[in-house]
Each structure stands twice: as C-alpha cells, then as structure tokens.
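Colleague: I have a structure I would like to understand better, so I am pasting it below and will then ask my questions one at a time.
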Amino acid sequence: MQKQKYPPNVLNEMCPSRQTLEIIADKWATLVLVSIARGINRHNRMLREIGGISKKMLAQTLRKLEQNGIINRKVYPVLPPMVEYTLTPIGKELLEPISMLGAWAEKNADAVQQARESYEEREDSYALIMADA
C-alpha cells in the first residue's frame, strides 16, 4: 500500500513534517541538543548539566534523537564502556532555530511569568465573583 503524498504543510496532520516537529518540540530534546552543542557529550555529564532530567528521560531522549538522525552515538571499546554523542549534519542545522528559541525564552521569561501571574489573578477574581453569584 503506497502512502499518499501531500505538499509539505506542518498544519496538515498527514504531513511527515508534523512527526519531525514532534521530535524536536519536546523540551528535553531541545535541552539535550543544546547540551551536546556546548560540548557536553557524555551521558553522566548531561545528567549533571541538564537540571531536572532523569536518567530514564535522558536515555529515552538520546535514543529518540539518534533514531531520527539528529545525533550520532559512538561507543568506544574500553572498560568501562565509554559513549559519546555528537550532532549529525541535520542536528547542526537544527541548532540555529533551537538557539534562537532558547534566547527568546531567556529574554522573555520575566514577561511570560508576569502574564501568567496576571492571568491567574484574573481567574481567581472571576472565580470569587462566580462563587458569590
């Protein structure tokens, strides 16, 4: 059975670009890519550097990125085994938008937090008004 081809359109649920976007839209994938780009290319070092990531989540994220051709995994035949991760050409290409997204997040973190707090205050006020009604 042949899959029907669609013109590239990330908004179309059948477009393969949607699956590609899912891979990199994950916060852990983004943080792992930034970590590898900064030269942090071993599992235990990434665990120390990426705040909040668990061993299991890091392993799953690395596996997913490798499976999808974004990173390479190289195992050295030494005892204990040593594994290093590097970016593939498409992984390196992905760094530019990821870096821009990270810079945007850092620049706008305070504004987003203020908006969240303002929203919560409005919602709390609305809940009180509705409870009194």
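Colleague: Using only the alpha-carbon atoms, how far is helix 89-132 inclined from the longest principal axis of the chain? Give it as 0 to 90 degrees, nearest 10.
Modeller: Roughly 20 degrees, rounded to the nearest 10.
Colleague: Which cross-chain or sequence-distant (5 or more) residues have an amide H under 5 Å from the amide H of Ile71, H modelled 1.01 Å from N in plane?
Modeller: Residues meeting the criterion, in which the H sits 1.01 Å from N, are Glu66, Thr88.
Colleague: A follow-up question, please. So for the stretch 51-102, what are the equivalent ellipsoid semi-axes in whole Å, largest first, each being the square root of 5 times an eigenvalue of the Cα gyration tensor?
Modeller: 22, 15, 10
Colleague: Enter the mean projected area of the convex hull around the alpha-carbon atoms of the stretch 7-64, in nm², rounded to one decimal.
Modeller: Averaged projected area of the stretch 7-64's Cα convex hull equals 4.6 nm².
Colleague: Put one equal scatterer on each alpha carbon of the chain, apply the Debye formula with no solvent term, and list log10 I(q)/I(0) at q = 0.15, 0.19, 0.22 1/Å to two decimals.
Modeller: Scattering profile of the chain, log10 relative to I(0): -0.86, -1.10, -1.28.
Colleague: As I understand it, the dipole of the chain uses +1 on the Cβ of Lys and Arg and -1 on the Cβ of Asp and Glu, about the Cα centre. Which of Ala115, Leu101, Met46 lies farthest toward its positive end?
Modeller: Going by the charge dipole, the pick is Met46.
Colleague: If you take every residue apart from Val83 with its C-beta less than 15 Å away from the C-beta of Val83, what net charge results, scoring Lys and Arg +1 and Asp and Glu -1?
Modeller: +4
Throughout, read-outs are computed from the coordinates displayed, never taken from laboratory work. Quick caveat, the model's predicted, so the values are computed rather than measured. Positions of Cβ are generated from backbone atoms using ideal geometry, with glycine treated the same way; all protein chains shown enter the neighbour counts.
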